[in-house]
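K.L.:
Okay, handing you the structure first.
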Amino acid sequence: MEKIPSSPQNGTLAGKQNRPAWEVPLRLVTTLALLALGPITLWAAGPSPRSPQSSDISVAVFDENPSNIWNRLYAALRVREDSEGKRYGEDSLDPMLWRESEYLLAQPSHGFALRVLDEFLQTHAENLIEDPLKRAMLQHDLWAVFDWSVQQYSQSGQARYGNEKRELQTRLAEVLRRLALTQQQIKSQLGNYAQAVASGAFASKYDPEKPQQPFLPPDLFDPRGPWVCITPSPDSIRDGGVAKLHFASFSGRSVFLVFVRLPEGRHATLDYFQTLWNFPQPWVPAPFADDQSEANPDLPSFPAGTQVALVRQMVLFDNEGKLVVSPLTESVQIRVYREITTAPRHAAGTTRNSGQDYFDIRTSRPLLFSGKQGGFRATSREESELPTFQTHGDDPIGKSQGQTLTQPMRTMQTCFMCHSGGGVRSFESVDSLLKPTRRQQEPRDIDYGPRFWNESNALWWKENQYDWGLLNGYWAVAGRISKP
């Protein structure tokens, strides 16, 4: 596999323009300087620390044999058990790790994780599986753990586990480098949405007579179809674009696209966007913060029958170290407004009085790897999970036996923590449709439409994050002092 260079030349416009080799992102320069100040113990420099016990968790995700090192690595870093023996994370989109988690940093999980990582590296286990989907998924799974280790902090807010973080990060950085695909592989072999639609496992449209039947619109990504993707304003590039909280919460490892469809179709949707942009008083003072503003609750709402979709696309990096937005769809969340109610914004975080039907369709590794349904499964109404999005950072799994364990929440309920208002009052991305942002309009060139700008902004944002600079720093240091 081609070695990742020390200063990737990432394009500012989704790879269509390349920066010159001397133009290294500021955060990368800072990271390299910091790495030069302190000792770095690379994975090959010596044996990993011993831990008093090993994990007895076994999974068969990447291979039917649970003892396969890919499965054991995934289990060590992504699957957890609480004090009551309940297991979490076997097929979750995101790791069961929170900002205050000490898992993988404290013993015994830290020592066990290092030993499995060392075994993977020393045996060149990256060569065991060539399937691009499996390599992409494991890269993305481990990348999330790396970024978490950069952002982790103790309950007191003080930095801890500095050595343990470096031990974990150096090994993860090398595994991530070895798993990288070529850009051509990423762009041509990972698409799954069309496969899901073609499978017939999901209805093609919302059926008001079957309001709980999940559906996937076949024309969702049609650039001239009835679904309009919101274009981010140039001013929003610093905070992640349209779905800001979603994007920043996952540190730019996924692109979040917001689509809107009014019942009358594309032109009616764009006309509605124009109505919002022309509204004379789009902003009002926030009720609990004198120095902040919020969208006017009296904005004209869209009609009943409107549908809103939040699409999560996987970001990867290729074998040259360039960030790439892949065609792999991680999840599709759709809200259908069967009626427009008067419920205020954040109305007690419940579905009651919201007038909405909600659908959550997400990637499942077993389905994806077996080529079924495009890898998608629909979340059931009774399904529950531990929330990892917009939490306070405490680790509900890491609590000792006898402490009150945080109870999983209904998956369908978590969406309504923010989107329980009636009509436009539940639409958190409405600020991208109001002045002073740029007016939404039909793109002249579909190659430079909303998806292009969403993806370009996302890559620019990630390039300038400390965690990405740190990962590049580890690659650069390893390239200078280790054998190729």
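The values are calculated or read from the model by the stated rules, or taken from the named source; none is laboratory data. Keep in mind that what you see is a predicted model, and the values were worked out from it rather than measured. Cβ sites come from the backbone with ideal geometry, for glycine too, and all protein chains shown count toward neighbours. With ligands, DNA and RNA removed, areas are computed over all heavy atoms of the protein, side chains included. Shrake-Rupley method; radii C 1.70, N 1.55, O 1.52, S 1.80 Å.
K.L.:
Which condition breaks for Ser364 when tested against (1) hydroxyl-bearing (Ser, Thr, Tyr); (2) modelled with pLDDT of 95 or more; (3) under 23 Å from Val242 (Cβ atoms)?
P.N.:
(3)
K.L.:
What pairs can you find where one residue is in the range 101-115 and more than 21 Å from Asp394 (Cβ to Cβ) and in contact (Cβ under 8 Å) with a residue 60 or more places away in the chain, the other is open to solvent by less than 30 Å² (accessible area, probe 1.4 Å) and among the basic types (Lys, Arg), and their Cβ atoms are less than 8 Å apart, with a gap of 6+ or different chains?
P.N.:
Leu114/Arg171
K.L.:
Being without any contact (Cβ under 8 Å) to a residue 60 or more places away in the chain and on the phi > 0 side of the Ramachandran plot is the requirement here; does Gly252 meet it? Can you show your working first?
P.N.:
On the way: without any contact (Cβ under 8 Å) to a residue 60 or more places away in the chain: no; on the phi > 0 side of the Ramachandran plot: yes.
No; evaluated as a whole, the condition is false for this residue.
K.L.:
Please name all residue pairs, on different chains or six or more residues apart, with Cβ atoms under 7 Å, provided the first residue is in the range 177-189 and is farther than 23 Å from Phe120 by Cβ and at pLDDT 95 or above and the second residue is open to solvent by less than 70 Å² (accessible area, probe 1.4 Å) and in a loop (DSSP other than H, G, I, E, B).
P.N.:
Taking only residues 6 or more apart or on different chains, the pairs are Gln183/Asp318; Gln183/Lys322.
K.L.:
For the range 135-174, give me the residue count where each residue is β-branched (Val, Ile, Thr) and either under 20 Å from the mean Cα position of the chain (by Cα) or modelled with pLDDT under 95 (or both).
P.N.:
Of the residues in that region, 2 qualify.
K.L.:
Taking the options Ser48, Ser54, Ser58, name whichever one is modelled with pLDDT under 95, buried (at least 18 other Cβ atoms within 10 Å of the Cβ) and not in a helix (DSSP H, G or I).
P.N.:
When all the criteria are applied, what remains is Ser48.
K.L.:
Can you give me the ranges of the strands (runs of 3 or more DSSP E) entirely in the range 289-343 with at least 3 residues that are touching a Ser or Thr at 6+ places or on another chain (Cβ under 8 Å) and open to solvent by less than 10 Å² (accessible area, probe 1.4 Å)? Steps first, please.
P.N.:
Details: elements: 289-295, 307-317, 323-337.
Result: 307-317, 323-337.
K.L.:
Which count do you get for residues in the range 426-479 that are in contact (Cβ under 8 Å) with a residue 24 or more places away in the chain and part of a helix (DSSP H, G or I)?
P.N.:
36
K.L.:
If you don't mind, there's one more thing I want to ask. Sort out which residues of the range 65-89 are without any contact (Cβ under 8 Å) to a residue 24 or more places away in the chain, assigned to a loop (DSSP other than H, G, I, E, B) and in contact with a Ser or Thr (Cβ under 7 Å, 6 or more places away or on another chain), and write them in order of number.
P.N.:
Pro66
K.L.:
Show me the helices (runs of 4 or more DSSP H) found entirely inside the range 128-221 where at least 1 residues are among the basic types (Lys, Arg) and open to solvent by 10 Å² or more (accessible area, probe 1.4 Å). Don't jump to the end; show me each part of the working.
P.N.:
Working: elements: 132-151, 162-179, 183-189, 193-199.
Of the helices (runs of 4 or more DSSP H) lying wholly inside the range 128-221, those with at least 1 residues that are among the basic types (Lys, Arg) and open to solvent by 10 Å² or more (accessible area, probe 1.4 Å) span 132-151, 162-179, 183-189.
K.L.:
Do any residues in the range 219-235 that are at pLDDT 95 or above have Cβ atoms under 7 Å from those of residues that are in a loop (DSSP other than H, G, I, E, B) and charged (D, E, K, R), where the two are at least six apart or on different chains, and which pairs are they?
P.N.:
Qualifying pairs under 7 Å: Gly225/Asp219; Pro226/Asp219; Trp227/Asp219.
K.L.:
Continuing with this model, one more query. Does Ser380 fit the bill of being hydroxyl-bearing (Ser, Thr, Tyr) and buried (at least 16 other Cβ atoms within 10 Å of the Cβ)? Let's see the steps before the verdict.
P.N.:
Numbers: hydroxyl-bearing (Ser, Thr, Tyr): yes; buried (at least 16 other Cβ atoms within 10 Å of the Cβ): no.
Answer is no for this residue.
K.L.:
Here's another thing I want to ask about it. Which residues, taken from the range 90-127, are open to solvent by 10 Å² or more (accessible area, probe 1.4 Å), closer than 25 Å to Thr182 by Cα and outside any loop (DSSP other than H, G, I, E, B)?
P.N.:
Within the range 90-127, Glu119, Gln122, Glu126, Asn127 meet the criteria.
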